[in-house]
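Chemist: Below: one structure in structure tokens.
The values are calculated or read from the model by the stated rules, or taken from the named source; none is laboratory data. Model, not experiment: these values are computed from the prediction. Backbone-built Cβ (ideal geometry, glycine too); neighbour counts: all protein chains shown.
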Amino acid sequence: MGTVIASITTSVDGYVTGPDDHAGQGLGVGGERLHYWVMGGPWTYESEHSFGMSGPDKEFFDEMVAGLGAGVCGRGMYDAAGAWGGTNPFGGPLFVVTHRVEDQPPAESGFTFVDGFDEALDRAVEAAGDDKVSLGGGADVIRQGLASGRVDELVVSTAPVVLGGGKRLFEGFTRDLDLEVRQVVSSPFATHVRYAVRKD
């Protein structure tokens, strides 16, 4: 079985979205600043923008996703991303945790809707074989992964912004975890930290 990596971006005050996140405003009010590192600079939902990751951010991201065999994300992330235009842009199949499985898109999209985190992770691990499995947003998927004890590595990218509200990454999480810093990479848009999740 390959490594299970949970990765997400937060503000300095621990939010993964700004206030009032919803479809069309998936990262909430001001939340797009969290993903300047992904877009290669400032962007908004109203402006035209293209994927422009570069420099240390791109090097970090490319290393993290190398050997990725499958992924798991929540319905909120799927909807906020506009279903990535209807086609999975990631390496390997993407299993989307949702209670609305009747909305399943065509199989050729690369997305599989699954009603439950454990089943989604089981299917992703099986699909990936010896390759890595990625757990993406939202925060609830990351928390469920960590609570399951099956996450090998936690990656937190912290954007240099204080949002003051929104959804917190560790809201309601009560498990005690020890982490080991494996790598730190900084750019003007984020500080990325890779942690090994200790299991002893």
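Chemist: Which of the residues belonging to region 54-100 are small (Gly, Ala, Ser) and in contact with a Lys or Arg (Cβ under 7 Å, 6 or more places away or on another chain)? I'd like the intermediate steps shown before the answer.
Modeler: As a first pass, look at region 54-100 and keep what is small (Gly, Ala, Ser): 54-55, 66-67, 69-71, 74, 76, 80-83, 85-86, 91-92.
Selection gives Gly67, Gly69.
Chemist: Still on this model: Write out, first by first residue and then by second, each pair whose Cβ atoms fall under 8 Å of each other, whose residues are 6+ apart or on separate chains, and whose first residue, in region 170-192, is under 20 Å from Trp37 (Cα atoms) while the second is aliphatic (A, V, I, L, M) and exposed (fewer than 14 other Cβ atoms within 10 Å of the Cβ).
Modeler: If the second residue must be aliphatic (A, V, I, L, M) and exposed (fewer than 14 other Cβ atoms within 10 Å of the Cβ), the pairs left are Thr191/Val184; His192/Val184.
Chemist: Among the residues of region 162-181, is there at least one that is of a type in the set (Lys, Arg) and either out of contact with any helix residue (DSSP H, G or I) (no Cβ under 8 Å at 6 or more places or on another chain) or assigned to a helix (DSSP H, G or I) (or both)?
Modeler: Residues of region 162-181 that are of a type in the set (Lys, Arg), as a first pass: 167-168, 175.
Pick out the ones that are also either out of contact with any helix residue (DSSP H, G or I) (no Cβ under 8 Å at 6 or more places or on another chain) or assigned to a helix (DSSP H, G or I) (or both) and you get none.
Taking every residue of region 162-181 in turn, none turns out to be of a type in the set (Lys, Arg) and either out of contact with any helix residue (DSSP H, G or I) (no Cβ under 8 Å at 6 or more places or on another chain) or assigned to a helix (DSSP H, G or I) (or both).
Chemist: Would you confirm, using the coordinates I've provided, whether Val16 is under 14 Å from Gly136 (Cα atoms), aliphatic (A, V, I, L, M) and in contact with a helix residue (DSSP H, G or I) (Cβ under 6 Å, 6 or more places away or on another chain)?
Modeler: On the way: under 14 Å from Gly136 (Cα atoms): yes; aliphatic (A, V, I, L, M): yes; in contact with a helix residue (DSSP H, G or I) (Cβ under 6 Å, 6 or more places away or on another chain): yes.
It is true that Val16 is under 14 Å from Gly136 (Cα atoms), aliphatic (A, V, I, L, M) and in contact with a helix residue (DSSP H, G or I) (Cβ under 6 Å, 6 or more places away or on another chain).
Chemist: I need the full set of residues from region 85-110 which are surrounded by 15 or more Cβ atoms within 10 Å (Cβ to Cβ), at pLDDT below 95 and not in a loop (DSSP other than H, G, I, E, B), in order please.
Modeler: Ser109 - this is the single residue of region 85-110 that is surrounded by 15 or more Cβ atoms within 10 Å (Cβ to Cβ), at pLDDT below 95 and not in a loop (DSSP other than H, G, I, E, B).
Chemist: Okay, moving on. So Pro56 clears everything in (1) of a type outside the set (Ser, Thr, Tyr); (2) surrounded by 15 or more Cβ atoms within 10 Å (Cβ to Cβ); (3) more than 17 Å from the chain's Cα centre (by Cα); (4) not in a helix (DSSP H, G or I) except one condition, right? Which one?
Modeler: For Pro56, the exception is condition (4).
Chemist: Output the qualifying pairs, or none if there are none: Cβ atoms under 9 angstrom, residues six or more apart or on different chains, first residue in region 52-78 and free of Cβ contacts under 8 Å to residues at least 60 places away in the same chain, second residue buried (at least 22 other Cβ atoms within 10 Å of the Cβ) and assigned to a loop (DSSP other than H, G, I, E, B).
Modeler: Arg75/Gly138
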